[in-house]
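Each remark here refers to the structure printed beneath this line.
Only the coordinates and a few stated rules stand behind these numbers; no lab work does. As the structure is a computational prediction, the values presented were derived from the model and not from experiment. Cβ coordinates were reconstructed from backbone atoms using ideal geometry, including for glycine residues, and neighbour counts include every protein chain displayed.
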Amino acid sequence: MASTKMKIKKNKTGGRDVMVLAKHPMETGLRKDKKTGEKIPAHYIETMDFAVNGAVVAQANLGAGVSKNPLIGMSMAGAKSGDTISVSWTDNKGETGTVEKAVK
Amino acid sequence: MKKLVSLAVGMGMAVLTASTAQAISEAEINNDIAEFQGFFLKRFPGVALEDYVDGVNSLPQYAHRRANWELMMDFPPYEPEMEKAEEEWSAPFANGKGFNDCDLAPANTYPVYDGASNDLHTLVADLNACLEANGEQPIKNVKRGRMARLIAHYKSQFNGKPMAVDFSAAGAQTWYEKGRQFYWAKRGQLNFSCADCHVTNAGNSIRGDILSAGLGHGVGFPVYRTKWSMSGKPWGTVHRRYGGCNKQVRASPFSAQGPEYKALEYYEAIMNTGLPLKVPSQRQ
Amino acid sequence: MKRRIFLKGSMAAGAIAVVAGAGLLAPTRVLAATWPEAAFTAKSEADALKAFFGSADAQDSGDVTLKAPLQAENGAVVPIKVMTSLADVEAIAIIVAKNPSPFATSLQMAAGSAGGMFSARIKMGQTSPVNCYVKAGGKVYKTSQEVKVTVGGCGG
């Protein structure tokens, strides 16, 4: 089951609000493992691209200051019915996640 | 006992001593509902009855924190979990049957009184009974995780339906009375009753928090809590919450699905008569 | 110092080809392919702003609004929503003044594509102003709100 989810809502100006919920620990690298006492290494999403029909229109930049299982929302002016919105993220370890959805 | 009596009298509710603990009628329970709901509608004039299902978020004293909930509800963290819940519900048993074949009451009528066993059936118990009847292992952790998700999935299909728990049988009325007494009895080292916080002090501050109104408790459960999600166990049934609450007043918690919490759940569900189901809930 | 091409495989070539062909990527508004490390590691708001916008100058604007709780329920998950009616938005940044690394998150937009909203759930170590910056039409605008962070009281 894909762990990155997307919601698309039509907004007041006719554009689309895109909200993405990713499953990710967003570790700062400062937290200690309670059992071992060792610091849990930093592990967080860095970039998240928003594309319409394959063309990137926005990039969100994240860091460890963003909450665990992050929610990132943005609105885009250009998406219309029938378009496909895809979101792809990459973290500091090179791991990735992606989700895509058709605009109603 | 004296304070219990005076507070109950102050609310115009039927006062019962230990010796008459069993003698409560359907009419008196209906009166209790009207008194309980009337108390809150008067205390918080701008809050409509159906708004109480949103818990503390509906209270004016929570206005400075309400945006947390409103923004979280733009895309509730429980949504991916609800997809998982649907998959867990739909997975067939080894014998080919599934949860849709279980003998369950409508979600807005739980807990259900069973005259034959003189017991209350909670949705949790009915799901586990169904698993056992179909040769499956019952779920051990009845407060969190998979059980909470299954409950959320089933109950959410009844969203909008008004709470309508039946209390017409004499045995049911006895269970009601046990729950009512539990709710109004002092307990723990802090010597608080549920009512002390959630009736008398509803909307007031306690340490860094605001006390929720008792009206509406449980209607939105299971709850998905930000605080619990930090330790990887975000879901909780109403009995999980009861245990935590009892610990907060330094009382030993009772067991989930035991008689005390079943009775308490029954009392609260009856006090919520008419409130629409809204499952699951996002809370702090 | 990490540099990473975030656009992978065919999407990269296709995206740039399609967008450049359509004339949507103006030369002054190419989306950066690298994560703005200097902004994220800056220990002061001023340094973070200089790293991200090139300058710490910003003017208050009523055309940038912020939805955020006055008091957070949990400092680990504080929802913030920035909205603006300004035209020609290039970037939005959310900064938590009193966090050890104040730069929390940002959004960069290709020319003409901004819809005027950016939201995120962020971590706050203590009560702090949450400062939101919007670069529009070449200028940086700002709005701010204090969010109180307390240790919770009574949740079981």
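Structure values in brief
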read-out	value
Kyte-Doolittle mean at least -1.0, axial Cα span of 30 Å or more - DSSP H helices of chain B	none
Computed over the range A:1-103: relative contact order in percent, which uses C-alpha pairs under 8 Å that are six or more apart	30
Rounded to whole Hz, the Karplus (6.51, -1.76, 1.60) HN-Hα couplings of the range B:50-63, x for glycine and proline	5, 5, 5, 6, 8, x, 4, 4, 7, 7, x, 5, 9, 3
Value of relative contact order over the range A:60-104, rounded to a whole percent, pairs C-alpha under 8 Å and six or more apart	34
Value at 222 nm in deg cm²/dmol, rounded to 500, when DSSP H runs of n ≥ 4 in the protein assembly as shown each add -39,500 (n - 2.57)	-7500 deg cm²/dmol
Cα centre as origin, Lys/Arg/Asp/Glu Cβ charges: the range B:201-268 dipole, Debye	300
Percent RCO, i.e. relative contact order, over chain B, from Cα pairs under 8 Å lying at least 6 residues apart	26
Highest to lowest packing among A:42-52, C:111-121, B:89-99, B:168-178, scored as the average C-beta count within 10 Å	C:111-121, A:42-52, B:168-178, B:89-99
Rounded Å value of the spacing that divides the Cα centres of the range B:155-224 and the range A:1-55	37
Residue-by-residue Karplus 3J(HN,Hα) for the range C:87-102, coefficients 6.51, -1.76, 1.60, Hz, glycine and proline x	8, 6, 6, 9, 7, 10, 10, 10, 10, 9, 3, 9, 6, x, 10, x
DSSP-loop GluC sites (Glu not before Pro) across the range B:245-284, with at most 14 other Cβ within 10 angstrom	none
Test item: Cα-centred dipole of the protein assembly as shown, Lys/Arg +1 and Asp/Glu -1 on Cβ, debye	1540
